[in-house]
Every structure is written in structure tokens, then in C-alpha cells.
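All remarks here apply to the structure that follows.
The values are calculated or read from the model by the stated rules, or taken from the named source; none is laboratory data. On a predicted model such as this, the values are computed, not experimentally measured, just so you know. Using ideal geometry, Cβ is built from the backbone for each residue, glycine included, and neighbour counts are taken over all protein chains shown. Ligands, DNA and RNA are stripped out before the accessible areas are found, and what is left, the full protein with its side chains, is counted by its heavy atoms. Shrake-Rupley method; radii C 1.70, N 1.55, O 1.52, S 1.80 Å.
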Amino acid sequence: MVVADEYPPALAKFLKSVTSVKADDATEILTGLLKRREIKSSRNVAKAVTKLLLRFVSQNRHTKLSESQGLIKDVKDLGKTIIAAQPRELVIGNIVRRVLGIIREECHDSNPLLGFADLPLGGRLSRASSIGDESADLGSNPGSGTATPYSGRPFSRDGGEEDIDAMSRRKSKAYIPPNPRDLTRQGSIALPNPNFGENNLQHALFFLLRLQPEELPNDSPGLKPQSKEPFQDKDIRGDVIEGIKELMDELELVDEQVAAHSETHIHANEIVMVLGSSPTLQAFLMKAAVKRKFTVVMIEAYPNDSRATQDVLKAPSKFTTPTGLKQMGKNAAKDEPLTTAEMKATLTSVGVETILIPDSAVPAVMSRVNKVLMGTHVILRNGSMITTAGARTVARCAQEHSVPVVVVSGVYKLSPLYPFDPDSMLETGESSTVIGWADSEMVGNAEIINPTMDFVPGELVDHYITNVGGYTPQNLYKLVEEQYGNANDTLE
Amino acid sequence: MAPTSKRGSAKKTGVLEEAPEALLQAVIIADSFNRRFRPITLEKPRCLLPLANTPIIEYTLEFLALGGVEEILLYCHAHHDQITEYIRESKWSKDSSPFQIRVIYSPSIMSVGDVMRELDQSRLIKEDFILVSGDIVSNIPLQGILKEHKARRLADKNCIMTSVLREISPRHDSRPRGENALFILDQNRERILHYEYLKQSDSESPMLLPRELGKAFPTMSFQENFLDCCIDIVSFEVPPLFTENFDWQHSRKDFLHGILMDELYGKTVYAHILKSGYAGRIQSLQTYDAILHDITRKWTHPFSPDTNLNQQTYKYTRGHIYKESKVILAQSAVIKDNSIIGSGTSVGDKTIISGATIGRNCIIGKNVELHSTIVWDNVVIGDNCSLGNCIIANEAHIGDGCTVESGAIISFGVTIEKGTDIPTTARYTKMSTKKEKESGRFTQVVHSKTKSLIEYEDSEDDEDEQREASMGGLYAPEDESDYSDISDFEDDDEIPGKRKKGHARTSSESEADSFFREAYNSLLGALKQSHSVDIMILELNGLRMSANAEFSEVRRATAAAVISYIVSKITSNENTSKVVDATVEKLLPLFNRMIFEVNDQAELLGYIQRELAGKERGGTLMQAIGMKLYNEDLCDDEGLLKWWNEGNGPQGETPEMTKVRDGAKAFVKWVEEQDEDEDSEEEEESEEEEDDE
């Protein structure tokens, strides 16, 4: 925390300035901030990128429905630029893909026939004639999406013979607007928690209703909409901006939504081992502490988190506050990620018994633990995740003791990427956190590597709790599809 | 992001009550004012040289951006056109840049002091600012330090500077060799009470401290183990101080030392001792190498190659290997840890790259070995070459089967013929003499196939630059015993020898004679006018370098001058020892710089003996001088006995000389006895001394 405090409140500054400069300049500013690692945690990066995209879309010359192709291309290019600045921050790609999804959805909503924004617009007329061919795809794709959710997957049905263009075209045809479906699905899938977001359920129903009239013409292939009303080149910008704003709200609310699940996962008198210091995790524990009495075993996470811990142990008064619950609200809104130590202090203040252990003690304590709880940096398509260094050891140890590993995370951290080369997704941090640089004996003679992240394969994780419900690693791909549809945007 | 709008408010704010929105300014001095990077810097300024394939200045600018700097004044002198052009084209000149950058060229700036005076005149500084040179690599957040500085300013109006220091162990690679300084701090290690630049040569000379210091601060911390990051938070009152003291050149040696020595100023300087983070300055080739080493090993994170500061495409793989896209590696090529390879580079079969940095579009042949080699862009290296820790600059071409030793420098566009072996000290450049009139000397080495290179030699004419020459090597010689005892002459000593071997340059008899005469005259003159010993050393060095004289010549001239001075001073038997003592004591540093081993001692004594021959009181003087030299440890018993036993050089002894020698008989006998008494101890000591040399 000491170090983090000394950095300029880069995010705040960026969020403030982004509205007053040109989008291109804002992009470069953000690129610089990301390269200098002035904005670090995935939440903050996500916020910054969303804000930038909002600015970008509102300034983009493509506003009309007919120009959506151009808008999508521009957003993709922007995404590529920002990702290049920090390729290991996969959240950037997630947010860009979400925004691409929003644009496509708006296109689809405005004109269901034109909705497949990936189609080259020149092909609009010819599309009308060829739509019969594709109707099979669309037809088999259920409007509500609940019954057979994966039938729309393109790879399973399209033959490998076709050239890539045709593939992608067809794929995009099969695209289903993400939000309505994923929310409907939530209604049906997020069963573990009966209390789960009334809000969301209402949303889901609302979308179901709203979708009904629009989905119908889709099912009966034909030119109905076109014949009913002449094609209107509607301005979609406003709607897209609205969608991005919703995404921003989601980022704000994510902790609360995740925390809503806490009571079903943390039971009375349980001993929970906790790794990581994300605000999501903190909110989760805090919420549970309101009703339950349990013990938290915190892992020190040496070396990248440990210094702050020790500082606090030396001067505990600095961090402890009497009203822990208020603290929770404050911390959740704070920009910087919480350190292990801070979390410990606030947890103690709400009456949770907290034990801080060094990383080496994890195997020894594991047998007495009921559950391992972790935050994460990013979740990947196949159910594996990238998180704080040391997590893999902890997860492996938990597996050995048959202790369930539960990961809490906002759904914005879910990436559609597959870890072909997990090593390349891991960030290597400053060597000086491991060994003091002044120690010439070590510096000269030892190779020091300080990975700040760990790759945890899906087999080691038992359950993911997101703001849209709980998932097992094996089922995550469904959520990926809901979030990003079938659009396969290569941004890296 | 709108610095222009902020400037208005900055003007309004008062001088000491700093409003938070005051524009944070930084001054970069993009010139080193030395020649440690010659001959590379003949063509390109140091701050634009690639460090891990990114220009050095980028690191400095990124560091300042990280520190939240909003306006930068970049002062440059050498190659100012290139720097201006670079900055104009860079991302820092765009609207999106986190700061406004202004490149200022002035032909008159020759030192840091000149920059500060220029700054004072320009009136561009309104607030306390950050002063760095254009070759800083650091990832420390400046905000905290700035906050500390401001708080201190409010409490102590006399505080004019906060310097960033890092503790470092004495034998650390990144510690700049030959740049040692002693900091005296207060009890809490916050305030700098005194600064003393430690010269390598006369480490025994006494240090003067202000009298009041001891009274005011009963507890002080004397520390020599600091790496001076040359990152200063400087008060706006400092530039006027430089104007006041027009002779201040160096920001440490002159300014810091001067301001703390002089009670009249009553100013205070504080230190910020870094506990975490990285900071280093590329002061010499040795530190260049060390910092490159640290960058590759992620000490400077986030400023490592895979951050792609300069629009590159580096990817990091385990073992600190960084590869850009479009690198072509032969299947049998081996890339070992800590290597950086730029895009468009191709590496041939069975080539081994370990710890090397390779720029873009290089062609590395087959079966090449690169160990810690620094290769810049567009270099071609032929087959079967073996390269050590050397620098190969852009567009250089190394033929097949060459061997380049560690420490060599191949500058821009040089072509090395097939099968050439390049020694450690070699520096090749294509730059011609015309451009470098003042002091660089070149020898044309013509190779078999009419391809010519120019070997760069820098003839140094002042003491500082000699030290720099000794720091020039990528591998500054590892001194074994005491760190602070690197002799300047250690390196210089090699150069004349090398010259003779390499280019068969004969120094004719007349040359040697003229050197003797000149050196003798200048020394005698200096002694009579009682100049300081530093000046004598300086003059003597200048003469020696220009005449390419051997050290034995120097000793001869010194002996002659000293003897005739002493003889002229002595009027009676009584004051003999007094005069001798005073003279020898004064000239200690001078003697120290010409005596390296036992033979030198004997030789010097021999010269003295010869000069004393036929003089009045020759014998007495010989004894007095011999004793004094012995007492001052300039001579040990071994040297003395060697002189005694082996007689005097090729010329033999004249009767007068024998007479002189007899004068010292009693003394030598005494030494002999001493020697026998403490035989074992003495031996150990003398061994140690030999090691020192």
C-alpha cells in the first residue's frame, strides 16, 4: 500500500481528463499509463478502458446503423492498440469484446435483418436473397436460448471445407445478442442461490418480453421486416453509449452482486483460507460476516503483497476502524486494490477471527480448512484462471486435502481466450521485491524471477462465483458464449 | 492534461505557499559533458544511444512521466540537432504527452553549472523543480519524495535541495567505478551535512570540515556507500546561486560541496535514501553495461523491453529472454537466458547467444558465439565469430572468423576484416580527424584489402578526463584489494605501452629530452611559486601525454626538479630536514602517482642520488630524503635495499654519486636491521602492498 499510495491517482486523473481530450489522445494517454503500470488492477483497467470506449464511440464518425461495420472495425483497432500496451491485462480484451457485442446487439435490435453487423454492408441486398440458406441456422437457434443453449455454436455445425470468409460470415449469422440471452439463462441456471438478484430476474423477464416480437420474424425466415417498413438508417450511437454506460454500472455493482452469494457459500464456524486482496473478495467476506461467524486464514502472499502486511502488523492502529461495514462500502469504491493487510484489519473489526499465515504454512494448515477462497485476475474460457502468484500451490494443496477451492470474480474478468501458452499471459514483476538490489552478492550471481501471477488450471478450481451466478469450471464456456456470443474477434 | 490552462494558476500562486496545482517542472540535462562514451558519441549523443534497444532518454522521460511531471526543459549541447529532431518526432511532442517538453540548445553550456546559469537567466523556473540528467533509468515514484520535500520546505525555509540516494554494497556492479563520494549525514540520516568528492589518487589527503559542524551535530553518519542517482528536487533558489558563483561547474563537486562548506549561505540540503525501487544513472560504459544487465533482469520493471516503450513488439519468455516479432532463428541456434533480440534479426545455425542484446535487422552468421555482447541495429556478424562483452554500433560489419574481446567498441559503420582479432582496449570508428580537432588522435590502421579504419585514441589533457578514460572501459579493471584505491595511472600506464606495441610509434631521444626539460621547468616553476600539488600533477600529466613519455622520464624530471628546489632552499645544515620534510609532504600525491612498484622506488632513489651528486650536503640530503620517503611509505625497505644493493642504473656510479650514497649509509643500515627484526611481518606487508599495485 505504501508504494501504491505514492503513485499519482492515475486512474482518477485519467477518468477526469478523458472527457476533455480527443479520443485519439485519450488512447495514447491510456497506453502510456498502462505501459508505466500506473493503472494496475483489472478492475481499474476495466474502468479506464470502458470510459475510453465511451469517449471513442461518442466521437466516432460512424453513427448510423449502416456504418456499424466501420464502427466495429474502429473499436477493434482501438482494442488492438490498448491490448498491445499491456498484453497481459486480458480484461482489456474482455471489455472491448463486450462493447463490440453491444454494438452488434444494437444493430440487431434496430433492424433484425441488418443486425448481423459483421456482414459487409455491400452485401445487404444479396443477403436478403441468400437468407433462406442460412435460415436453418437461425431457425434451429432457439429464441429463448434456454432449451438447447449450444446449438448455435458454429464450429459444431459448419463443415471445415468452407473458406474462412464464409465461415466467419455464417458464424456471425448465428450470433445471438448476448445480454438478453445471458440474462434469461441466469434465471434458469443461477439456481444455487434462490435469493439471487431479484433485479436480474426482472431484467431477464423483461428481456424475454421485449425480445418476443423481434425474435418472431427471425424464426419465420423472410423479408417481413423489410417489407413491413422501409429500411431506416437509424442512429445507433445513443443506444451503444447507453449500453456502455450499463457496462460501467456493472463494474460498479459487481462486488455487491457477487457478495450476495456469500451466505450460501460461507457457513457458520467454518474456517476459510483466503488468498488475494481483491475488493470483490473483501466484500464477499464482509457480507458473510454480517450473518455468520467464521474464521479466516489469510495467506501472506510473499513477496508482492507481504511488505504492506508487515507494515500493518507493526502499526495496526493505522488501519483498524471501528465500523467495519462502513469501511466495506468505502473500500469497495476505492480505486487501489486492497492489500492483504488492509483486508485483515477491516475483517477483524467486524468480528471475524483472522489468522495471518506465511505462504509456507499453507500445507500445514490446509487439513483444518473447510474452504479456500480466492480472488482472480482473469478467468479463461476453459475454466482455468490467472491470479496472484502462489495460488496454484495453494489450489494444488487444497486438492490434495479435498478442500474445495472457490473463486469469486466479476463476470467482466471472464475472457473468451484459451490458454494455449499460459506462460505468455503471466506478468513478471520487479526482481527487487524478492531480493534487495543493493545485495551485490545476490544480484551478481543469482537469477531472480518474480512472477506476479500464477496460472491455475481449471481442474484445481471447484467453483466460480460471479455476479451472474455460480459456475463450475467445466461449465464456464456457456457463460463465455452468453457474454461474448459467437463473435470471434481476434484482437491480440 | 491541459498544461497551458494550468500555467495561469501557477503564476498566481505565491512563492512559498505552494498551491497544489502548481505546474511540476523538470529540467533534463541531455549532455554528460564528458567523453566516456567516445568514440560512439562522436556521431550520436549519449542520451539517444540504445539501452536494451530503446534510446536512453526514453527511460528518463518515462520516469518523469511516472512522477507526474507536467513540463520539461531539456537542455542539450552536443548533437543538439539530433536530440531536437528525436524529441520532435517522438510521442512526447504530441498532444497526448503527459507533459510539455521544450528542447533548449545553447552553444555556451559546457557544464551543469552553465545550464543552471542559463536557467536562471531564462526565468522559466517558477517553482521547485526536478533536476536530472538525460541518462537516468528509474522506476521510483517521485510523488512521495516531492511531498516530503515540500513539507520540509515549509518547515525549513533554507532547504534548497533533496537528493535521491541509494545504499549500495561496495562491490556492486552498478556502482560507478571511480565516482566515489563521502556523504556526512545527520543522526536521522535525513540532512546532508557535508559532501566530499573522493579522488582516487590522493585518498590520504585530509578532508576539511566546517568547524561548527562537530559542535552542532554531535552524532553524524559518514557514508561512502551511496549510489548517487543524480535525481534532485531543487529549489528555485538554486539557479541564482549558480549565477552568483560563476565558477561552479559540477552539481556535486562544486555546488553541493560549496554550499555546505560555506556557512554564509546557511542553506540546507536533504537526502532521500531509497528503500525500494530502482534508480541508476548511465555515467560510464561500465554503468551502461550494469544498467542494461538490470533492465534485462527486470529490476527496472515496468521499464523492461517487453513494456515496448518505443513501439516495439517484445515478448517475454521465462529466463528473461525478450524476442520481438519476426526474429528468424535457425533451428540449431541456442538462445540462453537474459537475451534480447530485436525484430528482423536472423540468427544462423549453431550460433549461441547468451546474455546478449541484439538490435533490429541484424544478421548473425553461423556458429557465432555472443556472450553478453551488445549489438545495435543493422549489424552484420560473419560466421564463426566469437564476441565478448563489447559494443557493436549500428551498421557495423564484422567479417567471418573474427574475435572481439570484452571491452572493445566498434562504432558506427565500421567494417572489420575477416579473421581479425580485436583486443580489449580497441575502439574503432569511421569518424575522421577533421571533425575532432581538439584532442582526439587517430591512427589509421590499413588492412590488407585497402579498407581503412580509424582507431580512436583520446589524448586526455586534464586529470578528470584521465579518470574518465579509466572508466571508459566496459570492463573497468577489477581492482582486487581496496575498492577506493584504483590508481588513475593503472589504465593510463597501459596506453603508452600499447601504443608502442600497436603502432610502433617510436619516441625519439629528442622527444624524451624535450619532455624532461619542459617537465623540469614547469615543476620547478610551480614549486617556487608554491602552486598547489594538483596543478603540478595536472601540468605534468598534460606534458606526459602530449610527449608520450614513459613514467621513468617523469620520475627523472621530478627528481631533478625537487632536488634543485630543495638545494636552492637549504641555507644551513639545520633546516635541511625541515625543508625536505615540507617539500616531500607537499608533493606526496605527485610521488604517489609515479611510484607503483619496488623498481620504481629504486629508480626514483637512483635519480635523486644522481641529482644530488656533486651538490653541497649531498649525503645528508640523500639520507633525509630517503628517510622521509621511507616514513611516508613512498619507499619500503625492499625498494631502498634494491637501490642500495643494485647500484645505479646503466650509467654506473660516478665518484660523486658514491659519496652521496655513503651519506645515506647509516639510514640504510638501520633499515636493514629493522628488516631483519620484523622479517615475517614486513614480508606480509610488502606482499600486500604489491597486491595493491
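Mind giving me the nanometre distance, one decimal, between the label points for residue A:435 and residue A:348, set 7 Å out from Cα along Cα→Cβ? Modelled inter-label distance: 3.4 nm.
The mean sequence distance of close C-alpha pairs (under 8 Å, at least 6 residues apart), as a share of the length of region A:1-98, puts its relative contact order at 31 percent. Of the residues making up region B:132-165, those losing 40 Å² or more of accessible area when the isolated chain is joined by the remaining protein chains, with a 1.4 Å probe, are B:141, B:143.
When you restrict to C-alpha pairs under 8 Å that are six or more residues apart and normalise by the size of region B:523-680, the relative contact order lands at 23 percent. Computed in the context of the full set of protein chains, the accessible area of region A:366-457 at 1.4 Å probe radius has 49% of its extent on carbon or sulfur. From the largest down, region B:523-680 spans 43, 35, 30 angstrom on the principal axes of its Cα atoms.
Taking every protein chain into account, the 1.4 Å probe leaves residue B:627 with about 80 Å² of accessible area, to the nearest ten. Each of B:180, B:217, B:169 was scored by the projection of its Cα onto the charge dipole of region B:152-223, and the greatest displacement toward the positive side belongs to B:217; charges sit on the C-beta of Lys, Arg, Asp and Glu. About its Cα centre, region B:523-680 has a charge dipole of approximately 1060 debye under the convention of +1 per Lys or Arg Cβ and -1 per Asp or Glu Cβ, with nothing else charged. On full extension, the segment bounded by residue B:633 and residue B:514 gains 39.7 nm, given 0.36 nm per residue less the C-alpha separation.
Over region B:96-197, accessible surface divided per residue gives 35 Å², non-protein components excluded, 1.4 Å probe.
Among DSSP beta bridges whose residues both lie in region A:335-492, state the antiparallel percentage, nearest 5. Approximately 60 percent, going by the DSSP bridge assignments. Just want the answer: with Cβ charges of +1 for Lys and Arg and -1 for Asp and Glu, which residue in B:607, B:620, B:639 is farthest toward the dipole's positive end in region B:602-651? The residue sitting farthest along the positive end of the dipole is B:620. Between residue A:77 and residue B:91, the FRET efficiency estimated from the beta carbon spacing at R0 = 22 angstrom works out to 0.80. Placing +1 on each Lys and Arg Cβ and -1 on each Asp and Glu Cβ, with no other charges, gives region A:398-492 a dipole about its Cα centre of roughly 440 debye. Using the Cβ-Cβ distance between residue B:597 and residue A:459 with R0 set to 51 Å, the FRET efficiency from 1/(1 + (r/R0)^6) comes to roughly 0.15. Rounded to 0.05, the FRET efficiency of the residue B:568 and residue B:673 pair, given R0 = 51 Å and the Cβ-Cβ distance, is 0.90.
Accessible area per residue for region B:523-680, computed on protein heavy atoms with a 1.4 Å probe, is 44 Å².
In the structure shown, the pairs A:22/A:51; B:615/B:669; A:40/A:413; A:76/A:478 are assessed against 19 Å; a Cα-Cα span above that value is assigned to B:615/B:669; A:76/A:478. Modelled spin labels at residue A:490 and residue B:225, positioned 7 Å past Cα toward Cβ, are 5.5 nm from each other. Summarising the label geometry, the points placed 7 Å from Cα in the beta-carbon direction at residue B:84 and residue B:216 lie 4.5 nm from one another. Computed from point charges on the beta carbon alone (+1 for Lys and Arg, -1 for Asp and Glu), the dipole magnitude for region B:302-433 about its Cα centre is near 300 Debye. For the chain pair A and B, the interface hides roughly 3500 square angstrom of accessible area in total, found with a 1.4 Å probe.
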